[in-house]
Amino acid sequence: MSEICAKCGLVKELCVCETIAKESQKINVSTERKAFGKIYTVVKGIDGKIELQGDHRQKVKKILVKIGFSPDSIDVR
Ligand SMILES: [Zn+2]
């Protein structure tokens, strides 16, 4: 017997709730201060956490938009 999704009522094989959740996932770009006072730009919300040394928040956002992410889904702090 197939499991039914509680959200959409479809059998799990046909359910796309998780796919939609992934597509509407928020990307978070922020900076973190690490050991010895070094600033890192941290990108969360895409396949794995990305860390870059230095403050590259605006640059990262531009790159993410360029490769197809919606500017609305990118939260820069
Ligand atoms: Zn569903």
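If VAL43 passes every condition in (1) away from the ligand (no atom under 16 Å from the Cβ); (2) exposed (fewer than 13 other Cβ atoms within 10 Å of the Cβ) but one, which one does it miss?
Unmet condition: (2).
Within region 13-23, is there a residue that is more than 16 Å from the ligand (Cβ to nearest atom) and surrounded by fewer than 15 Cβ atoms within 10 Å (Cβ to Cβ)? Talk me through it step by step, then tell me what you get.
The first filter runs over region 13-23 and keeps only residues more than 16 Å from the ligand (Cβ to nearest atom), leaving none.
No: region 13-23 contains no residue that is more than 16 Å from the ligand (Cβ to nearest atom) and surrounded by fewer than 15 Cβ atoms within 10 Å (Cβ to Cβ).
Just so you know, all these numbers are worked out from the coordinates, no wet-lab data involved. The shown structure was predicted, so the numbers you read here are calculated from the model rather than taken from an experiment. All Cβ positions, glycine included, derive from the backbone under ideal geometry; neighbour counts span all protein chains shown.
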